[in-house]
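Chemist: Dropping the structure in here first, questions after.
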Amino acid sequence: MKKYQYQQLDADAKAYLRFVRDGKGRGAPGIFLSSPSRRPTWAFLMGLFILPLFLWIGYTSSKAGWATAMLQTAGVLLGGWLIVFAVRRWMADPDSFAGNFVYFDPEHVYYGMGEDIQIARVGRDPQVEPRGENMVRFDTERGVFTVPARGRILAQYVTDYYEALKWVRSRTDGTWVGLNSAEAGAVARFLVEEDREPNTIADTGLEAEEIPNQVTAATPASFGMVRYLIVLGAAAGIFALFAMSNPSIQDDMAFNDAKDTVAAEQKKNTDGSVKPNGKGFTGAYAVRDYLLNEKHTRHRAAAEKLLSDLYTAPIARVANGPGDPALKAEVVTLLNDLRTPMTPAISIRVTLNGAEIPGDRGKQVRSLLADGFATAVGKDLVVCGAAPDGVKANLEVAYKTADGFRWYWTVEVRTKVDQKTPATATGTLQGVRSLGQSAFGSQQTINFDGGSEQVDEPLKAVLGEDDAVYQAVMTRMFGYAPPRPMAE
């Protein structure tokens, strides 16, 4: 079969095929089998999916504008081409679009494939037979070829048509002698469909009095060089547009995302939870994420103010709370220093009898105090971590036992780790619980007012979630102790 661009065909061939295609074979001397294609629909849907997806990925990416512009350009070209392909198929010019069909007539087989069409001359005595489940095989004097027939039954139908055509053309007497190709094809079709001979040509319903004996290309094939140049030019223009506009759009989207996250936190869900933004950040973290990106410059002043404003209410709450004035003042100074784009980190150290509490128990007590501090201030506004060895911590809590009956505690709050004079508060808890002889024994007797108890972890009840020292320290700093912050 020879392949043509449909628009190449001579005028007579296009007129004949347009008549066959528009009437779906009605009044034609051959067998018309449509082969509708769903590709335009799928292409259109894929284009509608790919185009916005690539744009969204590009706008929300943190990569350089030119890098995301390449991705977006690819998405626009691919998604746009799929959409244009579908629209062109649905609104095709009949002079340039063959359609999707297979048509068998006495002289040719036509296989329409959108804008292209394959044509093969069958000759006077073709050998035709079904092949497989949905193909028809032709063995002609010009060669062998196969075409689709949409099922075994239709393939046999086409085979019977050409057998009937041979019978009509082989007549040497009677009504069907001397018929032209169109008339012979119409009689053969009637024989196959009605399983009897027509009385006259008029009974066949033939409307096409003649069919092309030869199909030629009236114009040379177009290679579409101009279209390719247009596509390349469009790609360059689209890339330049995205490369110039991406930084501003990415900046705006990142800032709006941060604002929306802050608003969502300030208006919590009914269950008290906060929905994080796309990066998993909430509140101040989302604003800091915007500020820490050097490419974000359009809304930097507004973001810095938004971040600073997040600290206003907690600072006022601490300053006006019922805690110790000196501790409150130092905490307020500490929080004011955290109103920056940098990670709002403070250090914590917890000691028992002059030494840091070792192992998991030390981590537990430090986490208890850290969570309590963050809960009282705002979990997005401060990050608490262990202090490095040999360096003073911003928050130091010292536990001390002296006589097995009293707990002595000291809390120091300093804004700077090299600060000479921190804000300090001390206290004594009498008759809470006694540690016996060893603070870290595996089995100890804990003495209460009026009783005693054997426990496996003697520090758990004192240096744990119900720690009386924790309650006292938090109350002196904030006027209250956040209840069980580690469990929240």
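Chemist: Of all the residues that make up region 357-395, how many are surrounded by 15 or more Cβ atoms within 10 Å (Cβ to Cβ), free of Cβ contacts under 8 Å to residues at least 24 places away in the same chain and of a type in the set (Asp, Glu)?
Modeler: Counting residues in region 357-395 that are surrounded by 15 or more Cβ atoms within 10 Å (Cβ to Cβ), free of Cβ contacts under 8 Å to residues at least 24 places away in the same chain and of a type in the set (Asp, Glu) gives 0.
Chemist: Has region 40-57 got at least one residue that is assigned to a loop (DSSP other than H, G, I, E, B) and in contact with a Phe, Trp or Tyr (Cβ under 7 Å, 6 or more places away or on another chain)?
Modeler: No, because not a single residue in region 40-57 is assigned to a loop (DSSP other than H, G, I, E, B) and in contact with a Phe, Trp or Tyr (Cβ under 7 Å, 6 or more places away or on another chain).
Chemist: Continuing with the same structure: From (1) surrounded by 12 or more Cβ atoms within 10 Å (Cβ to Cβ); (2) part of a helix (DSSP H, G or I); (3) free of Cβ contacts under 8 Å to residues at least 12 places away in the same chain, pick out the condition that doesn't hold for residue 171.
Modeler: All conditions are met except number (2).
Chemist: Looking at region 86-109 only, could you name the residues that are out of contact with any helix residue (DSSP H, G or I) (no Cβ under 7 Å at 6 or more places or on another chain), touching a residue at least 40 places away in the same chain (Cβ under 8 Å) and in a helix (DSSP H, G or I)? Outline the logic, then answer.
Modeler: First, the residues of region 86-109 that are out of contact with any helix residue (DSSP H, G or I) (no Cβ under 7 Å at 6 or more places or on another chain): 87-88, 91-93, 100, 102, 108-109.
So of that shortlist, the ones also touching a residue at least 40 places away in the same chain (Cβ under 8 Å) come out as 87, 100, 102, 108-109.
If the condition is that a residue be out of contact with any helix residue (DSSP H, G or I) (no Cβ under 7 Å at 6 or more places or on another chain), touching a residue at least 40 places away in the same chain (Cβ under 8 Å) and in a helix (DSSP H, G or I), then 87 is the only one that fits.
Chemist: Looking at this structure, is residue 339 assigned to a loop (DSSP other than H, G, I, E, B) and modelled with pLDDT of 90 or more?
Modeler: Numbers: assigned to a loop (DSSP other than H, G, I, E, B): yes; modelled with pLDDT of 90 or more: yes.
Yes: the conditions hold for residue 339.
Chemist: Residues in region 118-129: is at least one among the β-branched types (Val, Ile, Thr), touching a Ser or Thr at 6+ places or on another chain (Cβ under 6 Å) and within 18 Å of residue 211 (Cα to Cα)?
Modeler: Yes, because at least one residue in region 118-129 is among the β-branched types (Val, Ile, Thr), touching a Ser or Thr at 6+ places or on another chain (Cβ under 6 Å) and within 18 Å of residue 211 (Cα to Cα).
Chemist: Give region 342-361 a look and list any residue that's under 21 Å from residue 426 (Cβ atoms) and either in a helix (DSSP H, G or I) or of a type in the set (Asp, Glu) (or both), or say none.
Modeler: 356
Chemist: Suppose we filter region 86-102 for residues that are under 19 Å from residue 32 (Cα atoms) and buried (at least 19 other Cβ atoms within 10 Å of the Cβ); how many remain?
Modeler: 5
Chemist: Residue under question is residue 113, and the condition is that it be without any contact (Cβ under 8 Å) to a residue 60 or more places away in the chain and at negative phi; does it hold?
Modeler: The answer is yes for residue 113.
Chemist: I would also like to ask the following. Within region 24-42, how many residues turn out to be small (Gly, Ala, Ser) and at pLDDT below 90?
Modeler: Qualifying residue count, region 24-42: 3.
Chemist: Cβ-Cβ under 6 Å, sequence separation 6+ or interchain: first residue in region 189-200 and outside any helix (DSSP H, G or I), partner surrounded by 10 or more Cβ atoms within 10 Å (Cβ to Cβ). Which pairs?
Modeler: That search, which allows pairs on different chains as well, returns 198/190; 198/204.
Rundown of residues vs (1) surrounded by 19 or more Cβ atoms within 10 Å (Cβ to Cβ); (2) touching a helix residue (DSSP H, G or I) at 6+ places or on another chain (Cβ under 9 Å), yes/no style:
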position	(1), (2)
149	yes, yes
161	yes, yes
166	no, yes
177	no, no
186	yes, yes
191	yes, yes
195	no, no
203	no, yes
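The values are calculated or read from the model by the stated rules, or taken from the named source; none is laboratory data. Here the structure is a predicted model, which means the values were calculated and not measured. Positions of Cβ are backbone-derived with ideal geometry, glycine not excepted, and every protein chain shown enters the neighbour counts.
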